[in-house]
Structure formats: structure tokens, C-alpha cells
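Data block below; observations after.
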Amino acid sequence: MSLRKPKDKELESYIESHIEEAIEKEWIQVYLQTNIRGLSKRVCGAEALSRWIDPVYGMISPGEFIPVLEKKRKIQLLDRYVMETICRELGERRRRGQFIVPISMNFSRLDFDVPTLLQEMEEIMEKNSLPRNYVHIEITESAVMENEAYMKDTVRELHTLGYKVWMDDFGSGYSSLNLLKEFEFDTFKIDMRFLSDMGKKSLIIISSILYMAKEIGIHTVAEGVETEEQYRFLKVAGCERMQGYYFARPEPMKEWFAHTKESCEMETEEDCYLYDEIGFVNIISPVPFDLERSDSSPSIHGFETGQPVAVMSEMDGVLKHLNFTKPYRKNLLELGYEGTHQFQDLLNDRSILFTDKMRDIMDLARKSGRIEAMDFLSGGRHCQFQTRLVARKGNKNIFLVRLDILSNIRRFQKNKEFQEALSPLYTVYDMVFVFDLKENLLNPVYVNEIYEGVHESSNLRGEIEKFVENKVYPKDKEACWQFLNPDTMAERVESAEKDFILAYFRSKNRKNEYVWKRFVLIRSHERSKQDRVIFGIHTLNMDKVSMMHKEDQQIFQEGDFFER
């Protein structure tokens with residue numbers, strides 16, 4: 001690095017008087033520094049930088065010529081040249097069918113003093129037939145604060161034209177938080193000077209900034225990443241994109257494209273869409289499945305103490321972990337898996353019945369767009385698997401998954417004998433629900449079969465009607481409704497000699513086939529919960545049923561459903 005200072009009068013005068021010549025003769029070169037996607041380590045873009053390679057002074061660094069050009073109000077010449085150079089290269093490569101990536105470039109506050117700035121930008125883009133999403137505009141805090149009202153309108157116009165607007169050097173000034181509130185930035189860049197020492201305070205500050213960004217819907221880039229330790233921390237904390245010497249040093253633009261094509265995996269447009277959608281999913285949130293980011297959600301949560309949640313991609317039927325929290329991995333280890341890779345391998349083996357059911361749940365989540373769940377037993381533990389589709393593009397899907405060991409949660413704690421007694425019961429039933437007839441509530445207790453649309457609900461009657469209509473064999477619907485009618489359920493169960501009633505109906509299984517199942521309604525014996533009824537469904541083994549006596553088989557014939 002040069003030791004010359006911009007205050008050197010001779011150099012300052014030289015820069016001012018030679019900027020036009022430097023541009024014309026291409027002494028100023030455009031360099032690119034790689035942006036990588038935190039989750040995949042694939043190249044997802046680059047930042048444009050400029051280097052002045054002078055025949056007299058040699059390499060003149062940006063720290064020397066940019067302050068001079070701003071002082072002399074000639075920075076607009078440089079920024080226009082950089083944009084023209086970038087767009088010309090991207091346009092030519094696009095016409096030749098070669099790969100291109102979005103490139104971000106810095107705009108000085110003085111650029112926005114030019115009344116025709118947006119018009120000139122549009123002319124450059126049109127000339128090169130380039131979609132606006134391939135050029136991102138980086139604006140510093142100082143540029144915004146110079147004329148806040150005017151810049152608000154300008155940012156709005158840039159968005160209308162289709163550009164993404166980034167806030168550069170977030171946190172370097174005093175007004176960064178206020179600007180996030182007042183301006184609609186798409187992304188902000190964090191300078192990794194915050195993490196220079198990797199101390200506890202630094203980690204807390206960065207993780208809090210990243211948490212905040214996801215909650216308010218802004219993408220994040222960390223620049224200046226120099227170590228594996230920094231990268232790993234940022235990935236877990238949820239930083240979407242990163243750049244720095246750890247990944248790549250700046251290179252001349254043409255060399256960058258040649259080198260990147262040969263040595264790096266590139267992110268496709270499809271990948272970009274999916275990962276941008278994932279970027280707003282906050283797996284360290286106490287409510288990670290709340291994709292709408294409810295205002296009632298707590299605003300502070302430590303990245304080390306999140307929920308047992310992971311983000312998984314599915315491509316051509318193959319699942320892969322993209323990111324996960326420590327509690328998620330801890331639960332896998334407790335269940336006997338060596339780590340996320342072993343569980344991932346299990347999920348990709350659909351020849352195993354248990355795995356096939358989990359994948360069916362994920363298929364259902366993809367179709368329904370809702371949170372879907374199933375309960376299962378592993379090593380004597382009552383567990384629950386939840387999933388929700390986050391994004392979908394072509395043959396690629398992104399899922400948010402959660403793996404809870406319910407028997408470890410306080411409200412599910414039971415003594416060992418009780419847990420052992422319940423284990424066989426759970427495996428017998430496809431699902432167990434609690435009907436609260438007084439409050440009109442439906443609550444799932446255990447589900448290891450797919451029943452689309454049957455969820456925790458405050459509309460018990462509506463959910464039962466929907467279940468009968470969508471899942472029960474047409475000829476059995478009327479009788480099934482009579483059996484599940486909440487208006488008469490309490491009276492019928494109360495008058496039953498054995499405190500429960502049974503019925504047999506044909507309903508759909510997870511393969512969408514009608515099979516015979518036993519439905520049971522059991523009265524609650526708790527005095528405080530006498531308005532509650534336990535509802536369970538069990539799939540019958542018809543091979544064994546066929547061996548029953550002829551008179552016992554009559555209950556399965558049409559029109560004679562109820563066990564007397």
C-alpha cells in the first residue's frame with residue numbers, strides 16, 4: 001500500500017487534472033471482489049472497486065484519489081465510468097450467453113446532486129439491455145443525511161425503476177438505526193471491524209444486528225471477513241452474504257470472471273430467489289415458524305439459545321441441511337444420531353417407514369403452505385417433527401424444520417413408568433386428539449399419520465366437518481358425522497357402559513387410499529375436564545380381521561358401523 005497522503009499537494013493537483021485522461025486511457029481499472037452466500041459458499045455477486053494504475057505514480061489507491069475527486073467535485077466522472085464499464089461487460093456477457101452476477105457499486109453523496117443522475121443510469125442500462133436487478137446501488141449514511149427528504153424520494157424512485165438499494169457501512173455513523181426506520185433499504189452492509197477481536201461484546205452486537213435485520217425484513221452483507229472463525233460465526237448468526245480476504249481478494253473485472261468461472265460454484269437466478277427468501281427466516285428467533293414476524297414476538301433472543309430449528313433444501317427429492325441451531329444438533333445427538341449428516345442420510349432413505357412418514361409430512365407442507373407436524377417415539381422419548389415450506393422455485397424447495405423432544409419439555413415431564421406405559425399406546429394410534437366440547441377446541445396430542453387440514457383449532461365443529469368431508473369414504477360420511485357430532489358427543493360418551501364408544505369407518509391413509517379404521521371416543525376422567533373427550537384413530541389389520549368369526553365381521557358391513 002502506498003504511503004502517500006491525499007493532502008500531498010502535488011499528487012492532489014495531478015489527480016484533479018488527470019482524471020479525464022485516466023478514464024479515457026483506462027488507467028483506472030474496475031476490480032471486483034466476490035460476494036459469497038453464507039449458507040452455500042457459492043458466489044452470489046460482487047462489489048465493484050476502482051484502482052488507478054498511473055504511468056507516473058504507479059498504483060494510486062482509492063484512499064488517495066477518491067477524497068480528492070470528492071473535494072474537487074469530480075467524483076461523478078469516476079462513478080459514471082465505473083457504472084458504464086460494469087454494464088458494458090455484463091451486457092456483452094449476457095448477449096454471449098455467459099454467466100453474470102449482480103454487482104454492487106458505490107455512489108457518492110455528490111452523485112445525487114446531479115439532476116439527471118437517474119436518467120443517465122437508465123440510458124446506460126438500456127444501451128446494454130441489462131435488467132435492473134444486476135446492478136445494486138450502495139449509498140453511505142453521509143449521502144443520505146446530506147438531504148434526507150430528497151434522498152427518500154430518490155430511493156423510492158430507484159426502487160420504482162427496479163434497482164436494489166443498499167446501505168453501506170451500517171453502524172459507522174450515529175444515525176444508522178434511524179435511517180433503517182425512515183428508509184426502505186433492501187440490504188445493509190456491516191463492516192467486520194465490529195468483529196476484529198471476536199470478543200463477547202462484538203459477537204452480541206453483530207448477532208443482535210443480524211437478528212434485527214431479519215425481523216424488519218432487510219437482507220445483510222458482511223464485508224471484511226478474514227477468518228474461518230468469523231465466517232462460521234456469521235453463518236450461524238444468520239448473515240446472508242459475505243465478502244473479504246477469507247474468500248477472495250479484489251481482481252480486475254475480466255480476470256475475475258475468468259477465474260470465478262474456473263474455480264467457484266456459481267449461484268443461479270433460481271438459487272438467488274430461494275436464498276433471498278430464506279434470508280428473512282430467523283432460525284434464532286423464539287418463534288422461527290412465524291414467517292410474518294408478528295409484532296408481539298420478543299425482540300431479544302440469544303443466538304446460542306434458540307429453538308431446535310434447521311433450514312433444509314430439497315432438490316430432485318434429496319434433502320440437505322443448510323443451517324441449524326445448536327439446540328437442533330443437541331437434540332439429534334440425544335436421540336442417538338452422530339450429527340446432522342446421519343439424520344440427513346436417514347431422511348433421504350425413503351425405504352424406511354419412519355422416514356417415509358416424515359417425508360410425506362414435508363410433501364404435505366409443500367402443498368398446504370402451512371406448518372405440518374407428526375409425533376414419533378425414539379429411544380422411549382416422545383418427539384415431534386414440524387416443518388413448513390419457506391420458498392419454492394422449479395424443482396427446488398426450502399423447508400424450515402423443527403425437532404422437539406417433548407418428554408424433555410417441562411409440561412411433558414412424566415415419571416419413567418408412565419412414559420413406558422404410554423409408549424405402546426402411541427404406536428397403536430394414527431392420531432390422538434383432545435376435543436374440548438365446552439370451549440369448542442381441537443388439540444392434537446399425537447399424530448403419526450397425515451391428516452391434511454386437521455390442526456389445533458378453536459373451531460371444533462368446522463374441523464370435524466372438514467375431516468369427514470375430505471377424508472371419509474363417501475358411503476360412510478353420514479354415519480361418521482353422527483359418531484363425531486359434537487352436539488351429542490358428551491351425552492353419548494357419558495352414557496356408554498365402558499366410558500368409551502367405538503365405530504369403524506373407511507378413511508384415507510397417507511397414500512390417499514381408503515382403508516378400514518377404528519374410531520374411538522373416550523371420556524375424560526378428570527373432574528375439571530369433564531367436557532373433554534379423547535379421540536383416537538387406529539388403522540385395522542384386515543388380514544387379522546378376516547379371521548374373525550362371521551358374526552363379528554358384520555360390524556364392517558355397510559350400514560352397521562357401531563360397536564354395540
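Measure up Lys72/Lys189; Lys200/Lys330; Lys200/Lys235; Lys41/Lys201 against 19 Å on the Cα-Cα distance and list the ones that go over.
Beyond 19 Å: Lys72/Lys189; Lys200/Lys330; Lys41/Lys201.
Would you list Leu39, Leu353, Leu110 from fewest to most Cβ contacts within 10 Å?
Ascending Cβ contact count within 10 Å gives the list Leu353, Leu110, Leu39.
Could you give the length gained on full extension between Lys74 and Ser13, defined as 0.36 nm per residue of separation minus the Cα-Cα distance, in nm?
Values: separation 61, 0.36 × 61 = 21.96 nm, distance 1.26 nm.
Result for the pair: 20.7 nm of gain on full extension.
Of Met192, Val165, Met253, which is farthest on the positive side of the dipole of segment 141-253, counting Cα position, with +1 on Lys and Arg Cβ, -1 on Asp and Glu Cβ, and the Cα centre as origin?
With unit charges placed on the Cβ atoms, the residue in question is Met192.
Here are some pairs, Lys164/Lys396; Lys9/Lys71; Lys393/Lys471; which of them have Cα atoms lying more than 18 Å apart in this structure?
In this structure, Lys164/Lys396; Lys393/Lys471 exceed 18 Å between Cα atoms.
Cα atoms only: what Rg and Dmax, in Å, come out for segment 123-255?
16.0, 50
Classify segment 52-168: rounded, prolate or oblate, from the alpha-carbon gyration tensor (a ≥ b ≥ c, eigenvalue square roots; a/c under 1.5 rounded; otherwise prolate if a/b is larger than b/c)?
Here segment 52-168 falls in the oblate category.
Set the Förster radius R0 to 45 Å, insert the Cβ-Cβ distance between Arg95 and Thr355 as r into 1/(1 + (r/R0)^6), and round the FRET efficiency to 0.05. Provide the component values of the computation, followed by the final result.
Values: r = 47 Å, r/R0 = 1.04.
E between Arg95 and Thr355, to the nearest 0.05, is 0.45.
Which value, in Å³ per residue, describes the convex hull spanned by the Cα atoms of segment 1-81?
On the way: hull volume 9.2 nm³, N = 81.
Cα-based convex hull of segment 1-81, divided per residue, equals 113 Å³.
Pulled fully out, how much extra length does the chain show between Ser202 and Arg461, if you take 0.36 nm times their separation in residues and subtract their Cα-Cα distance?
87.9 nm
Please sort by residue number the trypsin sites (Lys or Arg not before Pro) in segment 15-63 whose DSSP state is loop and whose Cβ has at most 11 other Cβ atoms within 10 Å.
Of the trypsin sites (Lys or Arg not before Pro), the ones in loops of segment 15-63 whose Cβ has at most 11 other Cβ atoms within 10 Å are Lys25.
In terms of Cα to Cα distance under 19 Å, which aspartates and glutamates are near enough to Lys466, apart from those fewer than 8 places away along the same chain?
Glu372, Asp430, Asp436, Glu439, Glu449, Glu452, Glu456, Asp476, Glu478, Asp487, Glu513
Return the Cα extents of segment 309-408 along principal axes one, two and three, sorted largest first, each rounded to a whole Å.
Over segment 309-408, Cα extents along the principal axes are 38, 26, 22 Å.
For segment 9-276, just say rounded, prolate or oblate: build the C-alpha gyration tensor, square-root its eigenvalues into a ≥ b ≥ c, call rounded for a/c under 1.5, and beyond that prolate if a/b exceeds b/c, oblate if not.
rounded
Would you mind ranking Lys498, Lys320, Lys189, Lys330 so that the residue whose beta carbon has the fewest other beta carbons within 10 Å leads the list?
On the way: Lys498 9, Lys320 15, Lys189 24, Lys330 12.
Ascending number of Cβ neighbours within 10 Å: Lys498, Lys330, Lys320, Lys189.
Provide the packing ranking of 55-63, 439-447, i.e. peptides ordered by the mean count of other C-beta atoms within 10 Å per residue, highest first.
Descending mean neighbour count gives 439-447, 55-63.
All of the numbers you see were taken from the coordinates with simple rules; none came from a lab. Just so it is clear, the model here is predicted, and its values are computed rather than measured. A quick note on method: Cβ atoms are made from the backbone with ideal geometry, for glycine too, and the neighbour counts reach across all protein chains shown.
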